[in-house]
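Reading through the structure tokens given below for one structure.
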Amino acid sequence: MKKIRFYKSIHVKIVIIYVLLILIAMQVIGVYFTKQLEDQLVDNFRSTLNERAELVAYNVEQEMTRDEEEEDRSLQLRINDLLNQLFNMDNAEVQVIDQNQVIVTATANHDNYVGQRTTNYRVMRTLAGSDDEAEVFRNRTTGDRMQVLAVPVESEDDSIVGAIYIEASMQEIYNQIQEINQILLTGTIIALLLTAGLGVFLSRTITRPIVDMKTQAVVMGEGDYSRKVRVYGHDEIGQLASTFNELSNKLEEAHATTEGERRKLASVLTHMTDGVIATDRHGKIILMNRRAEEMLDQSQEIAMNSEIMKILNLDKFMRLNDLYGMNDPILLDFDSDEEETILEAHFSVIEKENGQENGLIAVLHDVTEQEKVEEERREFVANVSHELRTPLTSMKSYLEALSDGALEDPEIAPRFIQVTSNETERMIRLVNDLLQLSKMDSKDYQIIMASMNATTFVNQVIDRFEMTTKNQDIQFKRRIPEKSIPVMGDRDKLTQLLDNIVSNAVKYSPEGGTITCTLKTEKERIVISVKDEGVGIPKDNIPHVFDRFYRVDKARSRNLGGTGLGLAIAKEIVAAHGGSIWVSSEWGKGTTFSFTLPYDLNEEGDGE
Ligand code: ADP
């Protein structure tokens with residue numbers, strides 16, 4: 001969080017507000033107070049001055065109008081005495097002027113004016129009979145403020161016989177006001193200092209819980225709800241702090257619930273066998289579970305925020321809007337060089353409460369196996385129909401030929417009948433093989449396992465083939481141990497299995513070829529191999545020879561009476577015995593088919 005600058009903090013703001021308040025209050029009080037005080041003092045001064053002036057004027061008039069003859073002292077001395085008695089004010093100068101404008105007497109500092117005619121216009125105006133208003137002016141030399149006043153000396157018949165001119169310094173008043181101002185200033189400074197201190201203290205009490213709450217909010221933002229704000233009192237801030245703590249508790253609970261739900265959802269999504277992808281309104285991926293990552297071979301980090309249309313390779317066929325109205329699933333082909341993958345995608349729309357489309361959810365289902373099975377089934381049906389149609393068509397044409405007259409021909413008729421009979425047999429074989437395979441495919445298929453001697457079993461099969469192939473120039477070699485080897489198996493099924501392999505070896509062996517039958521014992525199983533010196537199987541075809549209806553050379557196999565199901569049946573029989581079957585072959589040189597069988601563990605000395 002950004003650090004608050006010192007001058008922006010509440011502390012400083014509160015202190016400044018306090019200081020300003022006090023300053024303004026003190027200023028207002030100070031100005032008003034000093035103004036009032038000044039007015040009062042000046043008024044007092046003026047009235048005192050006036051009273052005295054009038055008193056002096058009265059007495060001076062008495063002295064002036066007295067008969068000079070009777071007096072032993074001159075007028076000047078008498079008035080001087082009078083002034084000393086009545087006007088002993090400091091910082092005040094008085095002149096007494098007679099009606100001829102001559103200064104009769106004056107106080108000490110104006111002594112040298114005595115006897116001179118005054119030029120003072122106030123005095124002259126007063127002598128002329130007009131009233132004088134007191135006036136203030138500054139003394140040029142001292143700079144003091146002076147109150148100036150001229151009072152007429154009136155005789156009993158109201159004629160003006162002289163004037164009193166007074167100059168009194170008001171400096172004392174202003175000094176006094178200055179002192180009071182000084183006291184006020186000192187008081188203001190002390191009040192300001194105290195207020196600032198108090199402001200700091202007060203703002204602390206307000207800001208401390210707020211700072212606490214701020215720190216708590218920061219910690220809560222980081223997911224830690226364990227801290228609590230200290231409640232300092234029961235005022236509004238105290239209530240705010242306790243509400244904050246309650247809020248923190250509720251948030252913690254809500255967070256825990258959300259977290260729990262999130263975990264549940266995450267766990268469900270992670271362990272789902274289907275892939276799930278969620279997008280926003282614009283088709284950008286916002287969620288992808290692990291299964292979807294595996295299916296699409298894309299990591300979530302990379303796929304995040306990518307377009308779903310691109311990730312699902314749909315951008316070439318459709319637009320995002322098409323997915324929003326889509327109810328049917330679509331199949332996605334994700335075949336790679338290594339493996340085949342077909343995914344079925346179901347799309348549903350995420351809607352807001354107001355029904356507005358807000359995104360998509362795609363559920364991906366791996367249908368590779370299903371599709372494979374379906375494909376195999378279709379192929380199988382096609383193969384069966386094809387296999388049956390060939391002999392039926394051939395039989396139909398032979399029978400038509402026979403009915404068209406060939407039957408009358410003693411030479412052709414038996415041949416044609418032989419062909420139709422061969423085709424019928426082939427069809428019967430085919431149908432039997434199919435029946436057997438379908439039985440093996442059914443869940444109830446069971447083989448009857450019994451202990452049997454592998455040596456005699458193999459020998460008997462070879463003996464039988466030696467008998468049936470007497471006419472053909474084929475040699476049978478046996479590499480079979482003398483001793484009996486007990487194995488577990490279903491004799492009939494195993495006979496069919498070995499018959500299929502040996503009959504193939506006979507079919508594909510050239511004249512004079514040798515077929516070698518080997519029985520090897522291994523630690524946990526026996527291996528029976530049949531090797532021929534026939535045409536062999538090309539390398540590319542080897543992996544498919546056990547597939548149903550698979551034939552390397554279709555025409556040749558059909559001519560030899562093959563159905564293409566022999567090795568498929570062989571494979572099923574071996575699998576039912578818990579063994580394995582494989583082939584190794586070299587084109588043009590020969591082929592070896594091998595399969596394994598388990599020992600009969602109940603017999604003593606098995607396999608050793
Ligand atoms: P078929 O009835 O056609 O013999 P099988 O399932 O027995 O059907 O064999 C499948 C194919 O495997 C045959 O068509 C043939 O091409 C090939 N095959 C089987 N055994 C041999 C072998 N011993 N030598 C060469 N090719 C073989």
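So here's what we get for this one:
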quantity: Residue check, Asp90 assigned to a loop (DSSP other than H, G, I, E, B), of a type in the set (D, E, K, R) and open to solvent by 30 Å² or more (accessible area, probe 1.4 Å); calculated: yes
quantity: Residue within the stretch 433-450 that is touching a Ser or Thr at 6+ places or on another chain (Cβ under 6 Å) and within 16 Å of the ligand (Cβ to nearest atom) present; calculated: yes
quantity: Pair list, Cβ under 7 Å, 6 or more apart: the stretch 365-383 residue within 19 Å of Thr341 (Cβ to Cβ), other residue assigned to a helix (DSSP H, G or I); calculated: Asp366/Met295
quantity: Residue count, the stretch 340-386 (criterion: in contact with a helix residue (DSSP H, G or I) (Cβ under 8 Å, 6 or more places away or on another chain) and loosely packed, with under 11 Cβ neighbours inside 10 Å); calculated: 0
quantity: Residue match in the stretch 201-224 (condition: assigned to a helix (DSSP H, G or I) and in contact with a strand residue (DSSP E or B) (Cβ under 8 Å, 6 or more places away or on another chain)); calculated: no
quantity: Residues (under 23 Å from Ile447 (Cα atoms), out of contact with any Gly (no Cβ under 8 Å at 6 or more places or on another chain), of a type outside the set (Gly, Ala, Ser) and in contact (Cβ under 8 Å) with a residue 40 or more places away in the chain) located in the stretch 564-600; calculated: Leu565, Leu567, Ile569, Glu572, Ile573, Val574, Phe593, Asp600
quantity: Count of the stretch 164-183 residues which are open to solvent by 40 Å² or more (accessible area, probe 1.4 Å) and touching a residue at least 12 places away in the same chain (Cβ under 8 Å); calculated: 5
quantity: Residue in the stretch 549-557 that is touching a residue at least 24 places away in the same chain (Cβ under 8 Å) and under 59 Å from the mean Cα position of the chain (by Cα) present; calculated: yes
quantity: Test for Ile501: is it within 21 Å of Ile569 (Cβ to Cβ) and within 9 Å of the ligand (Cβ to nearest atom); calculated: yes
quantity: Scope the stretch 37-64; condition exposed (fewer than 12 other Cβ atoms within 10 Å of the Cβ) and either over 13 Å from Gln176 (Cα atoms) or of a type outside the set (S, T, N, Q) (or both); matching residues; calculated: Asp39, Asp43, Asn44, Ser47, Glu51
quantity: Out of Thr495, Thr456, sole residue that is within 16 Å of the ligand (Cβ to nearest atom), in a helix (DSSP H, G or I) and hydroxyl-bearing (Ser, Thr, Tyr); calculated: Thr495
quantity: Residue ranges of helices (runs of 4 or more DSSP H) in the stretch 267-372 with at least 2 members closer than 30 Å to Asp547 by Cβ and touching a strand residue (DSSP E or B) at 6+ places or on another chain (Cβ under 9 Å); calculated: 290-296
quantity: All positions within the stretch 504-516 that are part of a helix (DSSP H, G or I), near the ligand (Cβ under 8 Å from one of its atoms) and open to solvent by 10 Å² or more (accessible area, probe 1.4 Å); calculated: Asn504, Lys507
quantity: Residue match in the stretch 274-297 (condition: without any contact (Cβ under 8 Å) to a residue 12 or more places away in the chain and of a type in the set (A, V, I, L, M)); calculated: no
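Residue-by-condition table, conditions (1) part of a loop (DSSP other than H, G, I, E, B); (2) open to solvent by less than 60 Å² (accessible area, probe 1.4 Å); (3) modelled with pLDDT under 95; (4) near the ligand (Cβ under 10 Å from one of its atoms):
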| position | (1), (2), (3), (4) |
| --- | --- |
| Thr518 | no, yes, no, no |
| Val530 | no, yes, no, yes |
| Ile537 | yes, yes, yes, yes |
| Phe549 | yes, yes, yes, yes |
| Arg556 | no, no, yes, yes |
| Gly562 | yes, yes, yes, yes |
| Ser594 | no, yes, no, no |
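The values are calculated or read from the model by the stated rules, or taken from the named source; none is laboratory data. This is a predicted model, so every value here is computed, not measured. Methodologically, a virtual Cβ is constructed for each residue, glycine included, from the backbone with ideal geometry; neighbour enumeration extends over all protein chains shown. Quick note on the areas: whole protein, heavy atoms, side chains included, nothing else; ligands and nucleic acids left out. Shrake-Rupley method; radii C 1.70, N 1.55, O 1.52, S 1.80 Å.
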